[in-house]
Amino acid sequence: MTTNSTPLELQPLILPAVPSWFPLAWGWWASFASVVMALLLLTAFFLWRKKRLKAKRAALKLFVKPITPHTPSSAIELLRQAALCYYPREAIASLHGEQWYQFLDLQLGETRFSDKMPLWQAALYQNKHGEHDSELVNDCLVWVEKALPPKRGMRG
């Protein structure tokens, strides 16, 4: 047995390049694009909703302000201002009396105003506080909470 101590003439090993994440397959790009699009749509929706509910939040904030108690005349004025933010000015500005109360009932879906029209007419034009004032103010608060913003088909 002879031992050969001379090394063999071999070429050095050439390793392949490390696999890279880039370029990504088209499926990853599509997933990334859909996530970005979903985030943009969600952001746009929440900004639109915030803008749409701005007048309602302002009216509710004024209703629950504990500084001064609301009178029926101030409550109905606040309600009219809130309605003007959501409905066409021509439709709201021309309404008065029974037409106004019917409009409020129609938008609310229940009769809270037409049934109490004599109470409203008495409360709006007197200086002293009546026994039904808090009930009338509460009706205005309920209208702002439930009828605003208008549902589809109720805006015109």
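Computed from the coordinates by the stated procedures, all read-outs in this text should not be read as laboratory data. From a predicted model like this one, the values you see are computed outputs, not experimental measurements. As a convention, Cβ positions derive from the backbone with ideal geometry for all residues, glycine included, and neighbour counts pool all protein chains shown.
Segment Gln121..Lys151, full-extension length gain: 8.0 nm, with 0.36 nm per residue of separation and the alpha-carbon distance subtracted. In the neighborhood of Ser74, defined by Cβ-to-Cβ distances under 14 Å, what is the net charge if each Lys or Arg adds +1 and each Asp or Glu adds -1? Residues near Ser74 contribute -1 overall. All other residues whose Cβ lies under 12 angstrom from that of Ala59 are scored, Lys and Arg at +1 and Asp and Glu at -1, for a net of +4.
A Förster radius of 22 Å, combined with the Cβ-Cβ distance separating Ser114 from Val64, puts the computed FRET efficiency at roughly 0.30.
The angle between the Cα long axis of helix 26-52 and the longest principal axis of the Cα atoms of the chain comes to about 20 degrees, rounded to the nearest 10. In the chain, the longest principal axis of the Cα atoms and the axis of helix 54-63 are about 50 degrees apart. Here the Gaussian network model covers the chain, with springs between Cα atoms less than 10 Å apart; of Lys61, Lys128, Lys146, Lys128 fluctuates the most.
Relative to the longest principal axis of the chain, what angle (0 to 90°, nearest 10) does the C-alpha long axis of helix 98-108 take? Approximately 30 degrees, to the nearest ten. For Lys146, neighbours were defined as the other residues whose beta-carbon sits under 14 Å from its Cβ, and their charges (Lys and Arg +1, Asp and Glu -1) total -1.
Against the globular-protein guess of 2.2 N^0.38 Å, express the Cα radius of gyration of the chain as a ratio, rounded to two decimals. Ratio of Rg to 2.2 N^0.38 Å for the chain: 2.30. Extension gain for the segment Leu84 to Lys128, taken as residue separation times 0.36 nm less the Cα-Cα distance, is 13.0 nm to one decimal. Restricting region 102-156 to GluC sites (Glu not before Pro) that sit in a DSSP loop and have at most 16 other Cβ atoms within 10 Å of their own Cβ leaves Glu110, Glu131. Modelled label positions at Leu39 and Ser73, each set 7 Å beyond Cα in the direction of Cβ, lie 5.5 nm from each other.
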